[in-house]
Amino acid sequence: MKNIAIMGSTGSIGTQTLEVVRANPELKVVALAAGNSVEKMEEQIREFLPAVAGMWSEAAASDLRARVADLPVKIVCGMEGLLEIAVLPEAEVLVTAVVGMIGIRPTIAAIEAGKDIALANKETLVTAGHIIMPLAKERGVSILPVDSEHSAIFQSLNGEPRERVEKILLTASGGPFRGRSRAELEKIQVEDALKHPNWTMGHKITIDSSTLVNKGLEVMEAKWLFDVGLDQIQVVVHPQSIIHSAVEYVDGAIIAQMGMPDMKLPIQYALFYPDRKPMAGRRVDFFSLGQLTFEKPDAETFTGLKLAYRAAETGGSMPTVFNAANEKAVGLFLERKIRYLEITELIREAMERHRAIENPSVEQILETESAVYEWISSKISER
């Protein structure tokens, strides 16, 4: 039996993690945490019977306490609650499926407590990789990637010496607007951007995929996860999303991980690593597929990718600015307060305004995030 705790259990990755748990009785959920989806959390508690469950607000936690008063579950809230769940003694693995930089402090706490991390919260490494990775090494903790691309790289590296890696090939579907010009993107509406061609994901990550900002975040995450230089990470647009990423070695050999676009595969692999378990679902049929195609990313039209490389090259607190500006801008776009192309315009402006802190502490990372949020809010309110 392996005991797991899940932060972000009501979101896309969290609910798919629970699907994996349903199919594997050797997994036991000991803690759950979510934002404010009280009804969904109540359903999860009644099915999985965790010892602890957390909601972000006290109001949501109070509502949940009343709903599950008949069950022996402790209800916690806020960052204090997340930190309690992160270090829960009976949990062996913490699945970090929350969206945003809220995941940094609980991830650090879990590592310090000796928990392995099934990492689906890319912002943690994007903004605090210089803190997270050395700490994990010091504590002997495994960081097991849940993103499909990073899981594919992790699998393609299995058993190979890292010094023999020449290049990481990070694949991207290209999103719903692949091949369009900037002029065509001027009129994009929220509904258009939420139609991903291959994956079913949460709203924020779906928008990020459409702008290629998500791929930029993944480049930064890959840099820390696999200890490679930015010049060793090449983004390849692969519209079919069958090759999830690959590694090229010094002898020219390329090892890739392939499969249907299904997030349950990397989730299950992370939870059972180094073992592989049977999993129901569709399989790749090469005969019906016919062909796999590849393209260069259009970084001139989708400037989020270029800005991400610039942020990563600058380093320090600049990736935090990139990430925070994107989070705020995507939220405004989903609220229909800014145009689609303004997402990356706001990222660029925020980066130009910022003087990077070379080796930021967690406090400085969170202060930088707040400052970017405040600047964007002020800028938009002046309209």
The stretch 198-220: number of residues that are out of contact with any Gly (no Cβ under 7 Å at 6 or more places or on another chain) and more than 20 Å from Gly259 (Cβ to Cβ): 8
Counted residues, the stretch 149-191 - those being in a helix (DSSP H, G or I), touching a residue at least 60 places away in the same chain (Cβ under 8 Å) and surrounded by fewer than 18 Cβ atoms within 10 Å (Cβ to Cβ): 4
Only one of Ser361, Ser381 that is of a type in the set (Gly, Ala, Ser), surrounded by fewer than 16 Cβ atoms within 10 Å (Cβ to Cβ) and at pLDDT below 95: Ser381
Selection from the stretch 248-270 of residues that are in contact with a Leu (Cβ under 8 Å, 6 or more places away or on another chain) and within 9 Å of Ala152 (Cβ to Cβ): Ala256, Gly259
Residue check for Lys328: basic (Lys, Arg), touching a residue at least 24 places away in the same chain (Cβ under 8 Å) and over 22 Å from Arg180 (Cβ atoms): yes
Of all residues in the stretch 109-128 being more than 10 Å from the chain's Cα centre (by Cα) and outside any helix (DSSP H, G or I), the one that is surrounded by the fewest Cβ atoms within 10 Å (Cβ to Cβ): Gly114
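Residues checked against (1) under 19 Å from Val330 (Cα atoms); (2) touching a helix residue (DSSP H, G or I) at 6+ places or on another chain (Cβ under 9 Å):
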| position | (1), (2) |
| --- | --- |
| Ser151 | no, yes |
| Ser156 | no, no |
| Arg162 | no, yes |
| Val190 | yes, yes |
Residue within the stretch 45-63 that is of a type in the set (Val, Ile, Thr) and part of a strand (DSSP E or B) present: yes
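Residues checked against (1) crowded, with 18+ Cβ neighbours inside 10 Å; (2) closer than 23 Å to Gly114 by Cα; (3) free of Cβ contacts under 8 Å to residues at least 24 places away in the same chain:
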residue: Met1; (1), (2), (3): no, yes, no
residue: Ile6; (1), (2), (3): yes, yes, no
residue: Ser12; (1), (2), (3): yes, no, no
residue: Arg22; (1), (2), (3): no, no, yes
residue: Asn36; (1), (2), (3): no, no, no
residue: Glu42; (1), (2), (3): no, no, no
residue: Arg46; (1), (2), (3): no, no, no
residue: Glu58; (1), (2), (3): no, no, yes
Scope the stretch 330-383; condition polar (S, T, N, Q) and within 20 Å of Lys187 (Cβ to Cβ); matching residues: Thr344
Residues (over 31 Å from the mean Cα position of the chain (by Cα) and among the acidic types (Asp, Glu)) located in the stretch 64-80: Asp70
The stretch 129-146, residues that are over 17 Å from the mean Cα position of the chain (by Cα), of a type in the set (Gly, Ala, Ser) and assigned to a helix (DSSP H, G or I): Ala136
Tally, over the stretch 84-98, of residues that are part of a loop (DSSP other than H, G, I, E, B) and touching a Lys or Arg at 6+ places or on another chain (Cβ under 8 Å): 3
Candidates Ala23, Ala33, Ala59, filtered to the one that is within 12 Å of Gly8 (Cα to Cα) and modelled with pLDDT of 95 or more: Ala33
Filter pass, Ala31 being more than 24 Å from Asp262 (Cα to Cα), assigned to a loop (DSSP other than H, G, I, E, B) and assigned by TED's automatic domain parsing to the domain that holds Leu119: no
Failed condition for Arg67, given (1) closer than 26 Å to Thr368 by Cβ; (2) in contact with an Asp or Glu (Cβ under 7 Å, 6 or more places away or on another chain): (1)
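The values are calculated or read from the model by the stated rules, or taken from the named source; none is laboratory data. Only a predicted model underlies this, so the values are computations on that prediction, with no experimental measurement involved. Every residue, glycine among them, receives a Cβ derived from its backbone with ideal geometry; neighbour counts consider all protein chains shown.
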